[in-house]
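Participant: My structure is below; once you've seen it, I'll send some questions.
The values are calculated or read from the model by the stated rules, or taken from the named source; none is laboratory data. On a predicted model such as this, the values are computed, not experimentally measured, just so you know. Every residue, glycine as well, gets a Cβ built from its backbone with ideal geometry; the counts of neighbours run over all protein chains shown. Ligands, DNA and RNA are excluded from the accessible area calculation, which covers all protein heavy atoms including side chains. Shrake-Rupley method; radii C 1.70, N 1.55, O 1.52, S 1.80 Å.
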Amino acid sequence: MAQEPILQSFIGGRWVGQHGAQALRSALNGQTVARTHEEALDFAEAVAHAREQGLKELMSMDFQQRAQRLKALALYLTERKEQLYEISRHSGATRADSWIDIEGGAGTLFAYAGVGGRELPSGNVVHEGPAMSLGKTGRFAGSHILVPRGGIAVHINAFNFPIWGMLEKFAPSFLAGMPCIVKPATATSYITEAAVRVMHESGLLPAGSLQLIIGGTGDLLDRLQGQDVVTFTGSADTAAKLRVNPNLIRNSVPFNAEADSLNCAILAPDVTPDDEEFDLFVKEVAREMTTKAGQKCTAIRRAIVPAKHIDAVAERLQARLAKVVVGDPSVEGVKMGSLASHAQQADVAERVEALLKSSELVFGAKDGFAPRGEGVNEGAFFAPTLLRSRDPHAEGGAHDIEAFGPVSTLMAYDDLDEAVALAARGKGSLVASLITRDPQVAAKVVPAMGALHGRLHLLDRESAAESTGHGSPLPVLKHGGPGRAGGGEELGGLRAVKHYLQRTAVQGSPSMLMAVTGEYVRGAKVYETEVHPFRRYFDELQIGESLLTHRRTVTEADLVNFGCLSGDHFYMHFDELAAKDSQFGKRIAHGYFVLSAAAGLFVSPGVGPVLANYGLDTLRFINPVGIGDTIQARLTCKRKIDQGKKSPKGEPQGVVAWDVEVTNQLGELVASYDILTLVLKRA
C-alpha cells in the first residue's frame, strides 16, 4: 500500500515536515488524501527570513518588474493547471468549481500584472499628485506619496478556494513589495501546498517572498510589528477572535477581514413570472446554491421575493434543483460535488437543523437525494436545501444563522422598503443582488442598500449575457463588506495594492518634491539643453528636461480654417454678436485648435526616438484664447515608465509622460495637460 503523502510547510527557504500527523480525508470517498506534518515550526525563523531575505529581494525590483514577474507566474501556473485540477477533485469540486479556484487564481495574477504595468511607476514610490502649492510664491508645496511598508503580510485563508484565496491576496502584496506568509485552512491545504510547489519550482519567486504554513499559526501573530499586515478570510467568529490579539492591538497592525456573510438577492416587484428576469433570478439563486456546493462567502443565503410571487419562485426553484445531479464529479452528468470535508458536512447539517426552527423545508434530501459514484457513501455530500421563512421579521433564523453549504432561505415581502429592511437584517454583507426590469427601482434601492453591502449586483436581461454573476468577485472591483462581512476590502485593482503601501505627506520646494517623487512638479527647476527633448532616447531623458517654444499669434483665419477642417462651427468661434454677449465678451479659438497649435510649436517633425503619441491626461482649458492673442508652450519630461516592452519591430521602448503648459502673452495659463508617448531606448 502506497504511503500517504505528508504535507510540508515552506519556511526559511526549505520544505519542513517528515512525520505525518492529522489525516486529511477525500471529500468524495473518505479515503486519506494526505497528512499534515507533526513537526513544530519556528515562526521566528519564518519572520526573520521574510524580513531579511524576502524584503531585500522584493525591494531590489520595482513595481514594473514585480508586475512582469506576476505575469510570468500566471503563465507558469496556467501551463501546469491539469495537475492542480487532479488534486482539487478530492475537495469535492467539479471541473467548473476548480476552474474558479485554479484558472481564476492565475487570472487574478494576470489582472494585477496588468494593473502594475498600466498604473504604477518604474520605481518604488507612487506619487498621488498633483502637488499643491502651500505658499504665495510657489516655492513651498505639498503632495502625497505611497511607499512599500517595509513589513510582511500574513495571509490566513479559508478552505473553500485554496488556490484563488491565496493568490488574490498574494498578487497585490507581492506587487507592493511585501513578502507573504500564507496559512491555508487545514482541510484543503493539500491543494494550496501543490500550488506553492509549482510556484516555487518555477524559479520565479524571489527568495523569502512566499512562505507556506501547514497547520496552526502558533505565536506568529505575536511576532508582528506595526509595518506588517494581517489579512483573514473565514468565519466572522474567527475574525473577531484574531483581530483582538493583544500584539496586533498594541502595535496597530492593520487587520483586514473578509468574513462569510448572509448575502441576499432581491426579486423586485416589477418582475412577473412571465418576465425573463424572473427566470434569471431563479437561475442565479440555484447556481449560487450548487456552485462549489454553496461553499462561497458570496453565496445567496437569503432570497427575498414579493409575497405575491413566492409560491411561483419556490415552484421553479424546486424544479431546477430537482435536475441537479450530485456525486463524484468524475462521473458523467454530475453537476454538483460534495462539501470540502466531513467536518463541514456535520456543521452544515447542524446549521440546517437550527434554521428549521424558524423555517419550513421546501426542497432537500427527501426529494430523491442519491449521490452518484463509487464510495460516495463515505463522502461529504449534502443535498441542495431550500427553506422558507415562516416570519422573515422574527429574530434569529436566516438573518443570523449561516449554513455554509447548498442552503438558501426564501423570504416574502410586501413592498420595496420592506425588502430593503429585510436585506439590512443581515447586518452587513459582501454582496447583494437586485433583479429588476426598471432602472428607477435600481436608482431607489441601490443608494438605500449601499451602506450595508460591499458590492451590489444589478441583473436584467440586458446584462445577463455578460454578467459574471452574483457570487463572482473580480480583481478590478472591491471584495469585502461592512459589519458581519468583516469591514475590510480585498481586490479592487490599484486600491488593493494601496492596502499594502504606506501613504505619507511630503512638503518642500517643488524641486525637492520632484526629486522625491521621480515626477516633474510645476515650479521645480527645469533643464533646457540645445537638444530638443523629442530627439532624446528613453534612457537619455531626464525628469525635468524642458523646452520653451517660440510664440504664435492666433488669427481669424486660424479659426475659419480649423472650423472648416474639423466641422466645428460652434457659435462662440464664429458668431460675433452672440460671442460678444457671452461671458467671454468675444469670439474665442477652439480648445482643440489651441492643442493643435501647441503641438505645432513643440513637436520635432523629423524621424527620431519618439514613436507615437497615444493619449492625453488631465486636459483642462483654463483661460479663453481670442483672436489676436499670442500663445507659447512649455514641454517638460514629467514621468518615465519602463514596462519592459518592445515595438512590433522588436525595439525596446518605454513610456514618457510630458507636462504641457500653454500660456498667453500675459503669462496666463490657457491649457494644461499631459501627453503620453512611446519612446525608443538607445540600445
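Participant: Can you tell me which of 217, 272 is open to solvent by 10 Å² or more (accessible area, probe 1.4 Å), in contact with a Lys or Arg (Cβ under 8 Å, 6 or more places away or on another chain), touching a residue at least 24 places away in the same chain (Cβ under 8 Å) and not in a helix (DSSP H, G or I)?
Facilitator: Answer to the selection: 217.
Participant: When you scan segment 328-346, do you find a residue that is at pLDDT 90 or above, open to solvent by 30 Å² or more (accessible area, probe 1.4 Å), closer than 21 Å to residue 408 by Cβ and in a helix (DSSP H, G or I), even just one?
Facilitator: Yes, the conditions are met somewhere in segment 328-346.
Participant: For segment 590-622, name all the residues that are more than 22 Å from residue 681 (Cα to Cα) and either touching a helix residue (DSSP H, G or I) at 6+ places or on another chain (Cβ under 6 Å) or not hydrophobic (A, V, I, L, M, F, W, C) (or both).
Facilitator: 590, 591, 592, 593, 596, 600, 617, 618, 620, 621
Participant: Further question: Do the conditions hold for residue 277, that is, is it surrounded by fewer than 24 Cβ atoms within 10 Å (Cβ to Cβ), touching a residue at least 12 places away in the same chain (Cβ under 8 Å) and within 30 Å of residue 418 (Cβ to Cβ)?
Facilitator: yes
Participant: If the requirement is being within 30 Å of residue 105 (Cα to Cα), of a type in the set (Phe, Trp, Tyr), open to solvent by less than 30 Å² (accessible area, probe 1.4 Å) and touching a strand residue (DSSP E or B) at 6+ places or on another chain (Cβ under 7 Å), which of these qualifies: 520, 500?
Facilitator: 500
Participant: I would also like to ask the following. If a residue must be open to solvent by 20 Å² or more (accessible area, probe 1.4 Å) and either in contact with a strand residue (DSSP E or B) (Cβ under 6 Å, 6 or more places away or on another chain) or among the polar types (S, T, N, Q) (or both), how many such residues does segment 649-662 contain?
Facilitator: Adding up the residues that qualify gives 4.
Participant: When only residues in segment 191-202 that are part of a helix (DSSP H, G or I) and open to solvent by 10 Å² or more (accessible area, probe 1.4 Å) count, which is farthest from residue 49 (Cα to Cα)?
Facilitator: Applying the filter and picking the extreme gives 194.
Participant: Do the conditions hold for residue 491, that is, is it under 22 Å from residue 352 (Cα atoms), in contact (Cβ under 8 Å) with a residue 40 or more places away in the chain and open to solvent by less than 40 Å² (accessible area, probe 1.4 Å)?
Facilitator: no
Residues are listed down the side, and each one gets a yes or a no for (1) in a helix (DSSP H, G or I); (2) open to solvent by less than 30 Å² (accessible area, probe 1.4 Å); (3) closer than 30 Å to residue 639 by Cβ:
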position	(1), (2), (3)
47	yes, yes, no
67	yes, yes, yes
73	yes, yes, yes
76	yes, no, no
90	yes, no, no
106	yes, yes, no
109	yes, yes, yes
124	no, no, yes
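Participant: Separate question: Of all residues in segment 356-368, which are within 38 Å of the chain's Cα centre (by Cα) and over 15 Å from residue 397 (Cβ atoms)?
Facilitator: 363, 364, 365
Participant: Here's something else I'd like to know. Could you say which residue among 596, 546 is surrounded by 12 or more Cβ atoms within 10 Å (Cβ to Cβ), touching a Cys at 6+ places or on another chain (Cβ under 8 Å) and either touching a residue at least 24 places away in the same chain (Cβ under 8 Å) or not in a helix (DSSP H, G or I) (or both)?
Facilitator: 546
Here's the yes/no breakdown for (1) closer than 20 Å to residue 129 by Cα; (2) in contact with a helix residue (DSSP H, G or I) (Cβ under 7 Å, 6 or more places away or on another chain); (3) surrounded by fewer than 15 Cβ atoms within 10 Å (Cβ to Cβ):
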| position | (1), (2), (3) |
| --- | --- |
| 635 | yes, yes, no |
| 647 | no, no, yes |
| 664 | no, no, no |
| 667 | no, no, yes |
| 672 | yes, no, no |
| 682 | no, no, yes |
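Participant: OK, next. If a residue has to be at positive phi and crowded, with 18+ Cβ neighbours inside 10 Å to count, how many in segment 450-480 make the cut?
Facilitator: 1
Participant: State all residues of segment 137-154 that are in a strand (DSSP E or B) and surrounded by fewer than 24 Cβ atoms within 10 Å (Cβ to Cβ); if no residue qualifies, say none.
Facilitator: Answer for segment 137-154, where residues must be in a strand (DSSP E or B) and surrounded by fewer than 24 Cβ atoms within 10 Å (Cβ to Cβ): 142, 143, 144, 145, 146, 147, 148.
Participant: Limited to segment 124-157, what total is found for residues that are in contact with an Asp or Glu (Cβ under 8 Å, 6 or more places away or on another chain) and aliphatic (A, V, I, L, M)?
Facilitator: Total satisfying the criteria: 5.
Participant: Which residues, taken from segment 228-239, are open to solvent by less than 30 Å² (accessible area, probe 1.4 Å) and not in a helix (DSSP H, G or I)?
Facilitator: The answer is 228, 229, 230, 231, 232, 233, 234.
Participant: Hey, another quick one. Cβ-Cβ distance below 6 Å, separation of 6 or more or different chains: which pairs start in segment 602-626 with a residue that is at positive phi and end on one that is of a type in the set (A, V, I, L, M, F, W, C)?
Facilitator: So the pair list comes out as 615/676.
Participant: Considering only residues that are charged (D, E, K, R) and under 20 Å from residue 64 (Cα atoms), look in segment 612-667 and name the one that is farthest from the chain's Cα centre (by Cα).
Facilitator: Among those that are charged (D, E, K, R) and under 20 Å from residue 64 (Cα atoms), it is 651.
Per-residue answers, yes or no, for (1) charged (D, E, K, R); (2) at pLDDT below 90:
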{"site": "565", "(1), (2)": "no, no"}
{"site": "593", "(1), (2)": "no, no"}
{"site": "614", "(1), (2)": "no, yes"}
{"site": "620", "(1), (2)": "yes, no"}
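Participant: Only residues that are in contact with a His (Cβ under 9 Å, 6 or more places away or on another chain) and within 13 Å of residue 554 (Cα to Cα): list them for segment 584-616, please.
Facilitator: Across segment 584-616, the qualifying residues are 587, 588, 589, 590, 593, 596, 601.
Participant: Scan segment 441-466 and report the pairs whose first residue is closer than 16 Å to residue 423 by Cα and whose second residue is open to solvent by 40 Å² or more (accessible area, probe 1.4 Å) and of a type in the set (Val, Ile, Thr), with Cβ atoms within less than 9 Å and a gap of 6+ or a chain change.
Facilitator: Cβ pairs passing all conditions: 456/446; 457/468; 458/446.
Participant: A follow-up question, please. Every residue in segment 549-587 that is under 25 Å from residue 605 (Cβ atoms), of a type outside the set (Gly, Ala, Ser) and in a helix (DSSP H, G or I), please.
Facilitator: Those that are under 25 Å from residue 605 (Cβ atoms), of a type outside the set (Gly, Ala, Ser) and in a helix (DSSP H, G or I): 558, 559, 560, 561, 562, 564, 565.
Participant: Could you check residue 40 against (1) surrounded by fewer than 22 Cβ atoms within 10 Å (Cβ to Cβ); (2) hydrophobic (A, V, I, L, M, F, W, C); (3) touching a Phe, Trp or Tyr at 6+ places or on another chain (Cβ under 7 Å) and say which number it fails?
Facilitator: Condition not satisfied by residue 40: (3).
Participant: Let me ask another. Being open to solvent by 10 Å² or more (accessible area, probe 1.4 Å), among the hydrophobic types (A, V, I, L, M, F, W, C) and within 30 Å of residue 508 (Cβ to Cβ) narrows it down to one of 242, 134, 205, so name that one.
Facilitator: The conditions single out 134.
Participant: What residue, of 434, 430, is closer than 24 Å to residue 259 by Cβ, at pLDDT 95 or above, open to solvent by less than 60 Å² (accessible area, probe 1.4 Å) and in contact with a His (Cβ under 9 Å, 6 or more places away or on another chain)?
Facilitator: 434
Participant: If residue 169 satisfies every condition in (1) closer than 19 Å to residue 492 by Cα; (2) open to solvent by 20 Å² or more (accessible area, probe 1.4 Å); (3) touching a residue at least 12 places away in the same chain (Cβ under 8 Å); (4) of a type in the set (D, E, K, R) but one, which is the exception?
Facilitator: (2)
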